[in-house]
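Written below as structure tokens is the structure these notes are about.
Computed from the coordinates by the stated procedures, all read-outs in this text should not be read as laboratory data. On a predicted model such as this, the values are computed, not experimentally measured, just so you know. Here the Cβ positions follow ideal geometry from the backbone for every residue, glycine too, while neighbour counts run over all protein chains shown.
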Amino acid sequence: MDQKPRRLHEVAAPIFTVDICVIHKNNVLMFKRSPTKKVFPGWLALPGGHIDEGENPLSAAIREIKEEVGITLNPTDIQLKFVASHHHIDRNELFVVFGFLASLVGEPTEIVSNAEGEAVWMDKAELLKSDTVFPPVAYYFPHILGGKPGIIYNYSIWKNSQLVEVISENIDSNS
């Protein structure tokens, strides 16, 4: 007899986060995580972070991009591109990630770096081929950077920052 699936909070305590992909012309704003970071050190990731109490994912994304790199976004500048549940089985952690896309029309303001890492603009084509991009971020790049419509909803298993299995995935093309 098959075992009934557990509820997500029974798998691991969910950690709610946001990732923001900021594009200007053919460049993508990436964040090189400090090699001393406890979680996922040294990887190239998207700017982002935890959702705080009282925040919704959109307001957290706007706050995080301002805190991490100094760019001010308005709610109309940003759109949801993926909602992912990543179960990192080696860490017994369940990240629920809301991934956003923002395209800057005017020249970007000066970006800042901090103790968390270094913010850098990277060529989109080079980024798609890079092996230094955090794999859970790189997984969504073809959808985000390829300009594909819709929102990806994903549940996947990860181990040592590598994809083990996609359990379920759908794209809402009505969005």
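A quick yes/no check of all residues on (1) under 23 Å from Lys148 (Cβ atoms); (2) in contact with a Cys (Cβ under 7 Å, 6 or more places away or on another chain); (3) of a type outside the set (S, T, N, Q):
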residue: Phe98; (1), (2), (3): yes, no, yes
residue: Leu104; (1), (2), (3): yes, no, yes
residue: Thr109; (1), (2), (3): no, no, no
residue: Asn114; (1), (2), (3): no, no, no
residue: Glu118; (1), (2), (3): no, no, yes
residue: Asp123; (1), (2), (3): yes, no, yes
residue: Ser130; (1), (2), (3): yes, no, no
residue: Pro135; (1), (2), (3): yes, no, yes
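So for the stretch 5-25 (the condition being surrounded by fewer than 20 Cβ atoms within 10 Å (Cβ to Cβ) and among the polar types (S, T, N, Q)), does at least one residue qualify?
Here is the first cut: in the stretch 5-25, the residues surrounded by fewer than 20 Cβ atoms within 10 Å (Cβ to Cβ) are 5-16, 23-25.
Filter again for among the polar types (S, T, N, Q), leaving none.
The answer is no; no qualifying residue exists.
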Would you please name the residue that is surrounded by the fewest Cβ atoms within 10 Å (Cβ to Cβ), looking only at residues in the stretch 51-71 that are out of contact with any Leu (no Cβ under 8 Å at 6 or more places or on another chain), farther than 14 Å from Leu101 by Cα and of a type outside the set (Asp, Glu)? Gly54
Does Ala61 satisfy being outside any strand (DSSP E or B) and within 17 Å of Ile144 (Cβ to Cβ)? yes
Of the conditions (1) more than 22 Å from Ile144 (Cα to Cα); (2) without any contact (Cβ under 8 Å) to a residue 60 or more places away in the chain; (3) hydrophobic (A, V, I, L, M, F, W, C), Ile15 clears all except one; give me its number. (2)
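Quick check on the stretch 65-82. Is at least one of its residues assigned to a strand (DSSP E or B), in contact with a strand residue (DSSP E or B) (Cβ under 9 Å, 6 or more places away or on another chain) and β-branched (Val, Ile, Thr)?
Taking the stretch 65-82 as the starting set, the residues that turn out to be assigned to a strand (DSSP E or B) are 78-82.
Going one step further and asking which of them are in contact with a strand residue (DSSP E or B) (Cβ under 9 Å, 6 or more places away or on another chain), we end up with 78-82.
Next cut, β-branched (Val, Ile, Thr) only: 78.
Within the stretch 65-82 (the criterion being assigned to a strand (DSSP E or B), in contact with a strand residue (DSSP E or B) (Cβ under 9 Å, 6 or more places away or on another chain) and β-branched (Val, Ile, Thr)), the answer is yes, since at least one residue qualifies.
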Kindly indicate which of Gly106, Gly48 is surrounded by fewer than 22 Cβ atoms within 10 Å (Cβ to Cβ) and either on the phi > 0 side of the Ramachandran plot or of a type in the set (Gly, Ala, Ser) (or both). Gly106
Tally the residues that are loosely packed, with under 14 Cβ neighbours inside 10 Å and of a type outside the set (Gly, Ala, Ser), restricting the search to the stretch 129-163. 9
